[in-house]
Amino acid sequence: GKASAQVHGRHAARPQPTADGEGEADEPSGPVNWHGMLDDEYAMTFDALTDFLSWAVPHWGFTTEQFPYGCWWLHGDIVEEMTSWWTMWQAYVRNPTAHPADPSVFHERTWNLQQRLGATYQGRCRHEHQTIARPVVNAPPMSTP
C-alpha cells in the first residue's frame, strides 16, 4: 500500500549506507517525490540517498553548521534539500550525456546549498537533535450547498 509516514518520521535510528560510493549513474531517474512513495521504493531510494550522502557530504566539506550529521534523516527539510542535491549530482556529474559545463554548475549550486543551509539550519543539532515545532496547516471548512 501507499506509505503514510512522513519523510522525517520513517527512520528512528541512523540509517546505514548499503555500500561505499555515490550510487548508480542512472539513479534516480528524475526528481524524487517522497510523498506517497510505496514502502519498498522508499526504502531503496532512501538507502541510495544515504549512500550518496555518506560519501558526498564529507567530500564537499559541509560543516556542522551546514548539515546535521547525527540526525539529518529526522529533518524533512534537510532530506528534501539533500535529495535535490543528489538528483543534481546524477544529472550534472554522473550522467554520461551531461554537458561538459554541467559539473561546474553543480559545484556552484553546491556552494549555494552550503550557504543556504548555513543560514537556515544554523547548526541547531550540533550537540543533540533539536526538534522544531511546525505549525499545522488546516483545511478551510467545507461549505454545504
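Annotations
- When Gly76, Gly61 are screened for being modelled with pLDDT of 65 or more and at positive phi, only Gly61 passes.
- Residue check, Thr110 surrounded by 10 or more Cβ atoms within 10 Å (Cβ to Cβ) and either among the hydroxyl-bearing types (Ser, Thr, Tyr) or at pLDDT 90 or above (or both): yes
- Per-region count, region 28-44, residues among the hydroxyl-bearing types (Ser, Thr, Tyr) and either at positive phi or at pLDDT below 90 (or both): 1
- Of the listed requirements (1) at pLDDT 90 or above; (2) among the charged types (D, E, K, R); (3) open to solvent by 50 Å² or more (accessible area, probe 1.4 Å), Asp51 misses just one: (3).
- Top-ranked residue of region 121-139 - restricted to ones that are more than 17 Å from the chain's Cα centre (by Cα) and hydrophobic (A, V, I, L, M, F, W, C), ranked as farthest from Gly70 (Cα to Cα): Ala139
- Test: residue in region 70-86 that is over 21 Å from Cys125 (Cβ atoms) and either open to solvent by 10 Å² or more (accessible area, probe 1.4 Å) or aromatic (Phe, Trp, Tyr) (or both): no
- Scan of region 27-68 for residues that are in contact with a helix residue (DSSP H, G or I) (Cβ under 7 Å, 6 or more places away or on another chain), closer than 17 Å to Arg94 by Cα and among the aromatic types (Phe, Trp, Tyr), ordered by number: Phe52, Trp60
- Test for Phe62: is it among the hydrophobic types (A, V, I, L, M, F, W, C), out of contact with any His (no Cβ under 8 Å at 6 or more places or on another chain), open to solvent by less than 30 Å² (accessible area, probe 1.4 Å) and not in a helix (DSSP H, G or I): yes
The values are calculated or read from the model by the stated rules, or taken from the named source; none is laboratory data. Just so you know, these numbers come straight off a predicted model, no measurement behind them. Glycine gets a Cβ as well: all are built from the backbone with ideal geometry, and neighbour counts include every protein chain shown. Just the protein is used for accessible areas: all its heavy atoms, side chains included, with ligands, DNA and RNA removed. Shrake-Rupley method; radii C 1.70, N 1.55, O 1.52, S 1.80 Å.
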